[in-house]
């Protein structure tokens, strides 16, 4: 397999380890994995969630308005992107953050032409701030940005090694899917991503690979096609 440009979707938990909100070991390993991916000639875009800091769905919505909660969550993704950006730079990678609204000095304003020029120049681009709108998840932001930058593949790094027919942490007999279609993901409500993200990928034929990024080195193996996980495509 050969990919020219990928979009990596990470949860905020991917930056954590042993209760640490930001794990130096995990961030260093992740930055080194992105470096080795870039050294293979792959252009890398990244979208990070904010679960290590704040989750809008678990906020006290009796007091905090949903729109407020979502905006706080989008700010938290900028914080995570800024931390990861500096770890990437420490490994010698050019790295910038783009967000729907410019937030100086941390981010520039997202524009497709700007993002493409940066990627083509070998810069890792972190897309923060979600879509810029409430009610949309970072999964939706990842699908949207992947399509806007014409990514070959959307990689979703999770805490399990693919998509299962049921929760593998609770059911020892859970079965991992090697391949899936987007239609089946929707029909069986497999919960890979939210419906908006799945629909965007399906409509535009963007393949997705779901894999375990607990060990950041798995990113390098995934790009090489050597990592266990689940492929999701428009057609089988």
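The values are calculated or read from the model by the stated rules, or taken from the named source; none is laboratory data. Bear in mind the structure is a predicted one, so any value in this text is a computation, not a measurement. Don't worry about glycine lacking a Cβ; one is built from the backbone with ideal geometry, like all the others, and counts go over all protein chains shown.
Do we have residue 132 as under 21 Å from residue 12 (Cβ atoms), modelled with pLDDT of 95 or more, surrounded by fewer than 19 Cβ atoms within 10 Å (Cβ to Cβ) and out of contact with any strand residue (DSSP E or B) (no Cβ under 7 Å at 6 or more places or on another chain) here?
Values: under 21 Å from residue 12 (Cβ atoms): yes; modelled with pLDDT of 95 or more: yes; surrounded by fewer than 19 Cβ atoms within 10 Å (Cβ to Cβ): yes; out of contact with any strand residue (DSSP E or B) (no Cβ under 7 Å at 6 or more places or on another chain): yes.
In short, yes.
Quick check on my filter: what residues within region 1-49 are in contact (Cβ under 8 Å) with a residue 40 or more places away in the chain, in a loop (DSSP other than H, G, I, E, B), within 17 Å of residue 79 (Cβ to Cβ) and touching a helix residue (DSSP H, G or I) at 6+ places or on another chain (Cβ under 7 Å)? Explain how you work it out, then say what you get.
Taking region 1-49 as the starting set, the residues that turn out to be in contact (Cβ under 8 Å) with a residue 40 or more places away in the chain are 1, 3-15, 22, 26-38, 40, 42-49.
In the following step, the residues that additionally are in a loop (DSSP other than H, G, I, E, B) were identified as 1, 3-4, 11, 22, 40, 42, 49.
Now drop any that are not within 17 Å of residue 79 (Cβ to Cβ), which leaves 11, 22, 49.
Within region 1-49, 22, 49 qualify.
Scanning region 65-93 for residues that are in contact (Cβ under 8 Å) with a residue 12 or more places away in the chain and touching a strand residue (DSSP E or B) at 6+ places or on another chain (Cβ under 7 Å) yields 77, 78, 80, 81, 82, 84, 85, 88, 93.
Residues considered: 60, 52. Of these, the only one that is surrounded by 19 or more Cβ atoms within 10 Å (Cβ to Cβ) and assigned to a loop (DSSP other than H, G, I, E, B) is 52. Scanning region 154-176 for residues that are modelled with pLDDT of 95 or more, part of a loop (DSSP other than H, G, I, E, B), under 17 Å from residue 42 (Cα atoms) and touching a helix residue (DSSP H, G or I) at 6+ places or on another chain (Cβ under 7 Å) turns up nothing.
Checking each residue in region 162-181 for being touching a strand residue (DSSP E or B) at 6+ places or on another chain (Cβ under 6 Å) and surrounded by 13 or more Cβ atoms within 10 Å (Cβ to Cβ) picks out 162, 163, 164, 174, 176, 177, 180.
Evaluation of residue 75 against the conditions (1) in a loop (DSSP other than H, G, I, E, B); (2) within 18 Å of residue 22 (Cα to Cα) shows that the sole unmet condition is (1).
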